[in-house]
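All remarks here apply to the structure that follows.
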Amino acid sequence: MKFQLWSTDEYGQTSILQNADDYESLLERAKSLANSANVDNVLTAEEKLRNWEAALPTACDEYGDPIETYLFAGRSTTGAYVFYDISDGTPNLVNISEVSSQAEVRFYLGNLDGEDWYAKDEYGKFINNIKADELKDKTLYAIKAI
């Protein structure tokens with residue numbers, strides 16, 4: 001099975017960024033792209049918290065650690081946001097609401113000051129709704145099985 005790394009920008013335009021035989025390398029590339037967009041700039045750490053551009057939706061456990069068996073896959077053919085559940089080695093599409101019932105969906109922005117950085121709202125709470133206002137006009141990365 002092959003995989004593709006996709007991006008969807010603030011205008012809803014999608015682009016295929018890379019193809020690979022494994023999803024792990026694409027996951028690392030998506031994290032690197034988010035980090036480059038959000039961290040590798042001239043803004044101060046405080047400004048970066050308010051002015052980020054790109055995110056990788058990530059399923060996290062109760063401790064905030066990524067659950068590696070879920071991969072964000074973007075929108076399905078029906079328009080619903082979906083993840084792949086790869087726990088059995090085969091990518092099986094599941095609706096984001098199903099993932100949200102078992103895990104917290106967060107939005108990975110990069111590595112800031114040595115720690116994984118996830119999007120928060122103005123009140124300091126993790127953004128966990130893909131339709132949140134804070135995600136409008138942002139680039140989202142997804143991995144698709146082909």
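Is one or more of the residues making up the range 36-50 in contact with a Ser or Thr (Cβ under 8 Å, 6 or more places away or on another chain), buried (at least 17 other Cβ atoms within 10 Å of the Cβ), outside any strand (DSSP E or B) and not polar (S, T, N, Q)? Talk me through it step by step, then tell me what you get.
Narrowing the range 36-50 to residues in contact with a Ser or Thr (Cβ under 8 Å, 6 or more places away or on another chain): 37.
Keeping just the survivors that are buried (at least 17 other Cβ atoms within 10 Å of the Cβ) gives 37.
Filter again for outside any strand (DSSP E or B), leaving 37.
Filter again for not polar (S, T, N, Q), leaving 37.
Checked the range 36-50: at least one residue is in contact with a Ser or Thr (Cβ under 8 Å, 6 or more places away or on another chain), buried (at least 17 other Cβ atoms within 10 Å of the Cβ), outside any strand (DSSP E or B) and not polar (S, T, N, Q).
For the range 100-146: of the residues being in contact with a Ser or Thr (Cβ under 6 Å, 6 or more places away or on another chain) and of a type outside the set (D, E, K, R), which is farthest from residue 16 (Cα to Cα)?
Step one: of the range 100-146, the residues in contact with a Ser or Thr (Cβ under 6 Å, 6 or more places away or on another chain) are 106, 108, 139-141.
The next check asks that each one be of a type outside the set (D, E, K, R); those that pass are 108, 139-141.
Working: 108: 19, 139: 13, 140: 12, 141: 10 Å.
Applying the filter and picking the extreme gives 108.
For residue 53, only one of the following conditions fails: (1) more than 16 Å from the chain's Cα centre (by Cα); (2) within 21 Å of residue 12 (Cα to Cα). What is its number?
(1)
Give the range 71-108 a look and list any residue that's under 19 Å from residue 55 (Cα atoms) and in contact with a Leu (Cβ under 8 Å, 6 or more places away or on another chain), or say none.
Within the range 71-108, 71, 72, 73, 74, 76, 82, 83, 84, 107, 108 qualify.
Among residues belonging to the range 83-129 that are over 25 Å from residue 3 (Cβ atoms) and hydrophobic (A, V, I, L, M, F, W, C), point out the one that is modelled with the lowest pLDDT.
For the range 83-129, the residue satisfying everything is 112.
What's the number of the condition residue 1 fails, among (1) outside any helix (DSSP H, G or I); (2) free of Cβ contacts under 8 Å to residues at least 60 places away in the same chain?
Every condition holds for residue 1 apart from (2).
Could you list, in sequence order, all residues of the range 52-63 that are surrounded by 11 or more Cβ atoms within 10 Å (Cβ to Cβ) and without any contact (Cβ under 8 Å) to a residue 60 or more places away in the chain? Walk me through how you get there before you give the answer.
First pass over the range 52-63, keeping only residues surrounded by 11 or more Cβ atoms within 10 Å (Cβ to Cβ): 52-61.
Matches in the range 52-63: 59, 60, 61.
Condition first: in contact with a helix residue (DSSP H, G or I) (Cβ under 7 Å, 6 or more places away or on another chain), among the aliphatic types (A, V, I, L, M) and touching a residue at least 60 places away in the same chain (Cβ under 8 Å). Now tell me which residues in the range 10-45 satisfy that. Steps first, answer last, please.
Here is the first cut: in the range 10-45, the ones in contact with a helix residue (DSSP H, G or I) (Cβ under 7 Å, 6 or more places away or on another chain) are 18, 20, 38-39.
So of that shortlist, the ones also among the aliphatic types (A, V, I, L, M) come out as 20, 39.
Scanning the range 10-45 gives a single hit, 39.
The values are calculated or read from the model by the stated rules, or taken from the named source; none is laboratory data. Bear in mind the structure is a predicted one, so any value in this text is a computation, not a measurement. Counting neighbours? That spans all protein chains shown, and the Cβs are built from the backbone with ideal geometry, glycine included.
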